[in-house]
Amino acid sequence: MAGQPRNNSQHVTDAHGKDDEAIDFEMIELLFFAYRDFTSDPDAILEKSGFGRAHHRVVHFVNREPGMTVADLLDTLKITKQSLARVLKQLIDSGYIRQLTGPEDRRQRMLYTTKEGQALARALAEPQSRRIADALAKAGPGARDVVKRFLASMRNTTAE
């Protein structure tokens, strides 16, 4: 059925007729479905405010690291200034983020969540945290450390 992971342990033949056992389609699909479901609850909350996933990422990281600079946020999110500017302006204008001038370097822009921004960050994180806790409980003892290592290993680690 579409939208559900399949247990296909047989060989997969690509469009050119070659067997390619090196591609783990099952894990790829599981990651797609996990991401879809992991983001579904926050997406519904964000939609009510006219926000999207980019807003979610900004609120999440600013809330986790109060006082982070715009440059740090750009580096964390790996997006362009132009992409961030639109999202950040909406969050500032809506009262979720405050932007202050740096104490030593007036060109620096430091970011903070407001009380409303903190409440939004929490509302977005709660269903995701519950989903993670449920999945880890089903996976059994020691799963959290294994999953953390797995996810950390999935990140790009090359120097930028």
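Couple of notes before you dig in:
- The per residue volume of the convex hull around the alpha-carbon atoms of the chain is 190 Å³.
- When the surface is traced with a 1.4 Å probe over the full set of protein chains, PHE61 keeps roughly 80 Å² accessible.
- Partners for LYS89 among lysines (Cα-Cα distance below 30 Å; same-chain residues under 8 apart left out): LYS48, LYS78, LYS81, LYS115
- Kirkwood hydrodynamic radius of the stretch 64-105, from the reciprocal of the average inverse Cα-Cα distance over all distinct pairs: 11.1 Å.
- Projected over every direction and averaged, the convex hull enclosing the alpha-carbon atoms of the stretch 78-139 yields 6.3 nm².
- For THR114, the residues whose amide H sits under 5 Å from its own are ILE97, ARG98, ignoring neighbours fewer than 5 places away on the same chain, with H placed 1.01 Å from N.
- Charged side chains reduced to their Cβ positions (Lys and Arg at +1, Asp and Glu at -1) give the chain a dipole of some 760 debye around its Cα centre.
- Carbon plus sulfur fraction of accessible area for the stretch 20-140, probe 1.4 Å, in percent: 53
- Full extension of the segment from ARG130 to GLN108, taken as 0.36 nm per residue of separation minus the current Cα-Cα distance, would add 4.3 nm.
- Accessible solvent surface per residue of the chain, calculated while the other protein chains remain in place, 1.4 angstrom probe, Å²: 74
The values are calculated or read from the model by the stated rules, or taken from the named source; none is laboratory data. Since the model is a prediction, treat every value here as computed from it, not as a measurement. Methodologically, a virtual Cβ is constructed for each residue, glycine included, from the backbone with ideal geometry; neighbour enumeration extends over all protein chains shown. Each accessible area value is taken on the protein alone, full model and side chains, heavy atoms only, with ligands, DNA and RNA left out. Shrake-Rupley method; radii C 1.70, N 1.55, O 1.52, S 1.80 Å.
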